[in-house]
Every structure is written in structure tokens, then in C-alpha cells.
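Each reported figure results from applying straightforward, stated rules to the coordinates on display, with no laboratory input. Quick caveat: nothing in here was measured; it's all calculated off a predicted structure. Positions of Cβ are backbone-derived with ideal geometry, glycine not excepted, and every protein chain shown enters the neighbour counts.
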Amino acid sequence: MPVDAVVIGAGHNGLTCAAYLARAGRSVLVLEGSDHVGGAARSVRTFPAYDARLSAYAYLVSLLPQQVIDELGLELTLVHRRISSYTPVGDGGILVDTGDPVRTAADLGPDAQAWEDFYGMTGAVARRLFGTMTEPLRSADDVRALLGEPAWTDLVQRPLGETLERRFVSDAVRGVVLTDGLIGTFARAHGADLLANRCLLYHVIGRGTGDWDVPVGGMGAVTDALLRAAESHGAQVETSSPVTAIDADEADTVVHTADGRRVRTRQVFANVAPTVLDRLLGEDRGPAAPEGAQLKVNLLLSRLPAVKDETVTPEQAFSGTCHVNEGYQQLELAHAQAASGRIPSLPPCELYCHSLSDGSILGRGLVEAGAHTLTLFGLHMPARLFRADPDGARREALRATLASVDAVLAEPLQECLLDPTTLEVRSPLDVEASVGMPGGHIFHGDLQWPFAEDRRDVGRWGVETRHHNVFCCGAGARRGGGVSGIPGRNAAAAALGEAALQG
Ligand SMILES: Cc1cc2nc3c(=O)[nH]c(=O)nc-3n(C[C@H](O)[C@H](O)[C@H](O)COP(=O)(O)OP(=O)(O)OC[C@H]3O[C@@H](n4cnc5c(N)ncnc54)[C@H](O)[C@@H]3O)c2cc1C
């Protein structure tokens, strides 16, 4: 008897898809290649000597709809961050503190009103657009009408750089806004491909607010909740079961595993990247190979470092996103240097301390000792920089990045490590090797507009493939990317019909 559904990959989207399918009464087998579930949404005891469970890759949640949490009954706590960001500028800085609008306006200076206008606009877009992410695709015209002006022109039609230069005067503020267009995306502000626009859009609409919240227990708590949901509805999840091929041309599709099994199934749901799916189908005609562009550093500290700006405490600096050397010009220069094959001389990056918002990821001893985690996400570090000499380039990227961070600190970051070993660095190639994301691309490929660009796709779900019984349920689907569960739910909706998901 064929199984109703095989899900290839137990990333958080594969688990979401499996949970919906099983909840609708389908027999579901999840085949995960590695020895653990979660993909890039995992918590790990990164430094075995210490009782600290770090979010190994993804760390903040914005795109996971409340609808998915409610429908699957996920037990999950997301904590709002009062401080959205801090950006050192010269001897001072810009603190965006949602609890202190007066200070925020003072720090934003001449850009205070423009900031309010811009985020007022993106807030309205979030409220209108986010609910459509779990509906059949609308046409571009429909979404244009939904967003209205100036949002459509400023966010979707004109290169982001034009919008930022017209709206904001300060280089630092332009840079802070631009970073949301560059996370996991190797793009220029003025790129005619509008890649930065697409990336920004996904970063400002999450959960209908654009907030980036802290998952209590770390990102592993999201995966754990999804795994529980899938298994409680009867999905069978097998780890260490890499899929090597899919025969999709038979009435019942056959999925081949590395240990020689042939699993017959009615439908296949691919949590793997589209280029990987093409390879499994023997159809290497997908999009060009994706390329990730980030450096990830996980640190465990004995104490948070002080920043040079004496008007903010380390707690204020690091409880939101701390933007380091992410000025508008600095971002453009770093992109140009990386595009010409060099590690940026002053790598732009952002830091964030999870344990300030959620101490549950640390053992009691570490909490009592005042230890903290720190996550660093470096921009403009494309995989191509690491290919010739992966170890040497990783060392150089880390050296340059630590120097970049130290430039805004009152004390060297490395002096705050719990011990010299409590620092882990991951290039895009490391992410590719450990999670299977091609090129280390954190979204499995460039983000796509969250509407149908081709009229023939209106009413579809953005998860369909050339095969009627094969669906993409991972980040590489239209409206995929990030920790969201959206493509997982949308693939189940495409296969079963929306009504089957409501039960
Ligand atoms: C460093 C980093 C930081 C990030 N930060 C954030 C963040 O803060 N917030 C956020 O929202 N997003 C973030 N992201 C992006 C986010 O993590 C991903 O977009 C998301 O986790 C993708 O989920 P997925 O389930 O679609 O795919 P994945 O997590 O890639 O899971 C795919 C699964 O498929 C498995 N697999 C691959 N090939 C096979 C095969 N042949 N057979 C069987 N199984 C296979 C893999 O082992 C993996 O478990 C970050 C990503 C990275 C790398």
C-alpha cells in the first residue's frame, strides 16, 4: 500500500506540512537526511562544556502566522522586544526603543518624522498583506490595490535605494532601514533586480506587525512544538534517511532512499530547496544555483561588552538588533568589495543577545554567573569568497568581522568570551554542509514577490511543480523563506484543498 504522503526533509516547514496532512487524516512519512529534525530552526548545545542551548542558525521569529500556531495547537511563547535596534554612530548612536518614543525621536534627529512615516506605511502594508500569505495567490494588480500608494511604488516598483534616499537624510538611518533588504540576500540598494525590495518586504510584514520576536527556549522550541504536532496526529518521522531520487512519472510516485528503500506514495512534499528537488527528480533545469551571503557567529560570553557610546547600557545595546558598521555607504562598499572577490574590509554585521529576553536557554550556573549568549549575523559574505580556501577565508572573515565589532565596543569582544573556545563561526559553505541549503542560501534561493507575477498563477499556492503530485513545502516556494511554516501550510492546502485544513 502506498503511503498518502512522503515529506522530504524535517525542517520546520516539512514538519508543518506533515502536521497539517496528518491532521487531515493522511498517512504521512517524513524522511529527514540528517540525524536530527529542524533544519536551520534548531537549538544546540553548541559548546558542550556549558549548559547553554543556542539557536544554531535562525534566532528570531516574525513570519510564523498566529493562524498556524492556533490551527496546530502549538505551545509556543514569543516575547516582544521593547528595543528594536541600536546603531552606534560616531561617539553616540541611535536607540530605537518602542517604550521611549521621545528618546527614539531625539536619536533619529532630522529623520524622526520620515522614520515614523516609513514604518507607518510598512505597518499598514503588514496588516493588509500578511493574511494573504496563507491564501491562494492574488494577482499583482490586486496586491497593488491592496497596498495602495505610496507603498506600491516605494516598496515594490522603485529600487529600494531610491526610496531610502528620497525619504531619509542620514546615512546611518538609511543603512538601518536597508539592512532588512539585505539579510541573507546579496543585493545592492539600487539593484534593478529589486532583490533588496523583496527581502525588505518579507522583513516588515511578519505576523501583521513586522515585529521580530524572541522564541522562548530558542528556535528549537518552534521545531519541538511542530514535531509534537506532526507526531500527535500520526505522522511518522524518520531521521538519517536521505532521499536520493524521486520517480514522479509513475501513477504512484516512488521515493528512493540512500539505504536502498523504494517508498511508494501518492504525493511528495519537498522541504528541500528547488535546485535539490530538481536533482532528485533528475531534472537539472531549475534556476541558477543559489548563493548565501552571510557569516554566522555564535558566542557565549562571561559578560556583555560595553559599547563606546556611554549613553546606552550593554543591555540596551544588545537586547534589540545592534547594527555594526551598517551605514548606507558602508553597506554599498562592502557589497562592492565582496562582488569583486574580497572579504569586506569593515564587514557590516548585526548582534543580538537572546539570553537578555529569555534566560531559559542557560543553565542556572551560567545565569548566576552573569553569562550571556550573543548571535552575530554578518552581511555581504557570499559563498564565492570561501570556495578556494574555505578554512583560510573563514578565519579571515572572522578576523575582519571581530575587528569591525571591536570598532564600536569599549573593550574587545574576545575578552568577554566565557573561554577562548566559546565562539563558533559558520560560512555559507558550512551552512550548506550542515543544513543542506544550497550555497548556504538561508531562503533556499532568492525571495519571490508574495503575489502571482504570472496571471496563470493566480489562485494557485506558489508550491506547485511540473508534477501534479509533487509540491514544494520549503523556503524555496513563493512566500517561503524564514521561519514561518507558511510554505508547509500552503503545500498542504494545495494538495488537499483549504477546507481539509480547517478541521
Ligand atoms: C544563519 C541563519 C540565520 C537565520 N536567521 C533567521 C531568523 O532569525 N529568523 C528567520 O525567520 N529565519 C532565519 N533564517 C532563515 C530560516 O532559518 C530558513 O529560511 C528556514 O529555517 C527554512 O526552513 P525550511 O524548513 O524550509 O528548510 P530547512 O531548514 O533548510 O530544512 C530542510 C531540511 O531538509 C533536509 N534535507 C535536505 N536534503 C535532504 C534529502 N536529500 N533527503 C532528506 N532530507 C533532506 C535537511 O537536512 C533539513 O533538515 C536563518 C537562516 C540561517 C542559515
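At-a-glance table
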item: Listed peptides 365-371, 257-263, 380-386 by packing density, highest first (mean Cβ within 10 Å); result: 380-386, 365-371, 257-263
item: Alpha carbon centroid spacing (whole Å) that separates region 338-367 from region 242-291; result: 35 Å
item: Asp247/Glu498 FRET efficiency (R0 35 Å; Cβ-Cβ; nearest 0.05); result: 0.75
item: Label-point separation, Ala289 to Leu146 (7 Å along Cα→Cβ), nm; result: 3.6 nm
item: Angle in degrees between helix 195-204 and the longest Cα principal axis of the chain, rounded to the nearest 10; result: 90 degrees
item: FRET efficiency, 1/(1 + (r/R0)^6) with R0 45 Å, evaluated for Asp406 and Thr98 via beta carbons; result: 0.95
item: Backbone N within region 219-259 under 18 Å of label point (7 Å from Asp35 Cα along the Cβ vector); result: 238-243, 258-259
item: Potential lengthening between Arg262 and Asp70 on full extension [0.36 nm per residue; Cα-Cα distance subtracted]; result: 65.6 nm
item: Mean-position separation - Cα centroids, region 121-166 and region 172-201, in angstrom; result: 15 Å
item: 13 Å cut-off, amide nitrogen to a point 7 angstrom out along Arg460 Cα→Cβ, residues in region 130-153; result: 137-138
item: In nm, spacing of pseudo-spin labels at Asp91 and Val216 (7 Å Cα→C-beta vector); result: 4.2 nm
item: Cα-based helix-to-principal-axis angle, 486-496 vs the chain, degrees rounded to 10; result: 20 degrees
item: Computed FRET value (nearest 0.05) for Glu135 with Arg158, which takes r as the C-beta separation and R₀ as 30 Å; result: 0.65
item: By average C-beta atoms within 10 angstrom, highest first, the peptides 310-317, 39-46; result: 39-46, 310-317
item: Peptides ranked, highest mean first, by Cβ atoms within 10 Å: ranges 174-187, 198-211, 69-82; result: 174-187, 198-211, 69-82
item: Theoretical gain in end-to-end length, Ser302 to Ser232 [0.36 nm per residue, Cα-Cα removed]; result: 21.2 nm
item: Cα→Cβ-extended label distance, 7 Å offset, between Glu165 and Thr421, nm; result: 5.1 nm
item: Degrees, to the nearest 10: 219-232 long Cα axis against longest axis of the chain; result: 20 degrees
item: Net charge of Cβ neighbours under 13 Å - reference Thr163; Lys, Arg +1; Asp, Glu -1; result: -2
item: Per-bin percent of Cα-Cα distances, region 42-150 [10 Å]; result: 10, 25, 29, 27, 8, 1
item: Cleavage-rule hits (chymotrypsin sites (Phe, Trp or Tyr not before Pro)) in region 406-503: DSSP loop, at most 13 neighbouring Cβ within 10 angstrom; result: none
